[in-house]
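Chemist: Got a structure here, written out as C-alpha cells. Questions coming.
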Amino acid sequence: MLALLGAIGIGAMQADSQKSNGKSHGKPSKTEKKLLFDRVVKSEAEWKKILPPTVFEVTRRAGTEPAYQNEYWNNHLPGTYKCADCGLELFTAKTKFESGTGWPSFWQPIDKRFVTEHTDHELGYERTEVRCARCDAHLGHVFDDGPKPTGLRYCMNSAALKFVKESKDSKSAPAPGK
C-alpha cells in the first residue's frame, strides 16, 4: 500500500533527525515548515515486491556493496543521481569526487534537506548514516574527511542510486528557480 503523506513537512523530518542525532536546534524555521515533497511510505513487503534484491538489501536493510564492485564508483559522466527507491534527486556529478574508497562519493547533496542523517553504531564505532528524506532509504554514510568547500564525504552505495545522464537539452536549460 502506497501512502503519500502530505501532512508531513520538512520540519517533522528534521525534528526526527535531530532526535536521532541528539541535536536540538529549537523551533523549525518557516523554511523548514514548508512542505518540500510528499513522503513515500510503503511496507517492507511492498518494497520487497518492487525493488531488485540488491537494491532492497542496501536501501531497506542498510546493506553495503563491495568496494570497487558497484555500478557508479568510477562513473565520470555528467548527470544527476536519484534515490533508487523513490526518484528524489540527491546528488549531481558536479559534486562527485575520487575518494579512493571504491564507492561513489560526493562533497554535498543537491539540497541538504533531501537527506537525513542518523547516528549509527553498527560497526562498534560512531558513524553518520545518510537516508533519503522522502522514502527513508539507506544511502550510505557521511564522513568529515572530504574535500573543500564542505570537508564532507558522502560515501554512497551505487545500489541506492539511479544515475540519469545529462542530456544536451538539460545542459542549455537554466537551473530551476533561476
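Each value in this text was obtained by applying a stated rule to the coordinates, not by laboratory testing. Keep in mind the model is a prediction, meaning the values are calculated, not measured. A quick note on method: Cβ atoms are made from the backbone with ideal geometry, for glycine too, and the neighbour counts reach across all protein chains shown.
Chemist: Which of 49/112; 112/165; 48/162; 42/112; 112/168; 42/96 have a Cα-Cα distance over 19 Å?
Modeler: 49/112; 112/165; 42/112; 112/168; 42/96
Chemist: If you average the C-alpha positions of region 50-69 and of region 92-140 separately, how far apart do those two centres end up, in angstrom?
Modeler: 14
Chemist: Could you tell me whether region 32-81 comes out rounded, prolate or oblate from its Cα gyration tensor? Rule is a ≥ b ≥ c as square roots of the eigenvalues, rounded for a/c under 1.5, then prolate if a/b exceeds b/c, otherwise oblate.
Modeler: Judged from the Cα gyration tensor, region 32-81 comes out oblate (a/c at least 1.5, b/c at or above a/b).
Chemist: Check cross-link reach from residue 148 to the aspartates and glutamates: straight Cα distance under 14 Å, and skip same-chain residues fewer than eight apart.
Modeler: Candidates past the 8-residue exclusion: 98.
Chemist: Would you grab the residues whose amide H sits under 5 Å from the one on residue 91? Only those 5+ places off in sequence or on another chain, please, with H modelled 1.01 Å from N.
Modeler: 81, 110
Chemist: Once amide H atoms are placed 1.01 Å from N in the peptide plane, what residues at a sequence separation of 5 or more from residue 143, or on another chain, have their amide H within under 5 Å of its amide H?
Modeler: It is 153, 154, 155, by chain and number.
Chemist: 7 Å from Cα along Cα→Cβ at both residue 50 and residue 89: what's the point-to-point distance in nm?
Modeler: So the label points at residue 50 and residue 89 sit 2.1 nm apart.
Chemist: Let me ask something additional. Shape verdict for region 111-150, please, from the Cα gyration tensor: rounded (a/c under 1.5), prolate (a/b greater than b/c) or oblate.
Modeler: Because a/c hits 1.5 or more and a/b fails to exceed b/c, region 111-150 counts as oblate.
Chemist: Using a cut-off of 15 Å between alpha-carbon atoms, which aspartates and glutamates can reach residue 94, once sequence neighbours fewer than 8 places away in the same chain are excluded?
Modeler: Partners found: 111, 166.
Chemist: Also, quick follow-up: Mind putting a number on the dipole of region 88-178 about its Cα centre? Charges go on the C-beta only, +1 for Lys and Arg and -1 for Asp and Glu, and I need it in Debye to the nearest 20.
Modeler: That gives region 88-178 a dipole magnitude of about 580 debye.
Chemist: Near the amide H of residue 41, under 5 Å away, which other amide H atoms are found, from residues 5 or more places off or on another chain, if H is placed in the peptide plane?
Modeler: HN-HN under 5 Å from residue 41: 3, 5.
Chemist: Note the full-extension length gain between residue 41 and residue 168 as 0.36 nm times their separation in residues minus their Cα-Cα distance, in nm to one decimal.
Modeler: 42.3 nm
Chemist: With θ taken as phi - 60° and the coefficients 6.51, -1.76 and 1.60, list the Karplus ³J(HN,Hα) couplings across region 111-126 in order, rounded to whole Hz; mark glycine and proline as x.
Modeler: Values per residue, Gly and Pro as x: 9, 4, 6, 8, 10, 10, 10, 9, 5, 10, 10, 4, 9, x, 9, 7 Hz.
Chemist: Continuing with the same structure: Output ³J(HN,Hα) for region 143-149: one whole-Hz value per residue in order, computed from phi by the Karplus curve 6.51 cos²θ - 1.76 cosθ + 1.60 with θ = phi - 60°, and x for Gly and Pro.
Modeler: 10, 9, 10, x, x, 5, x
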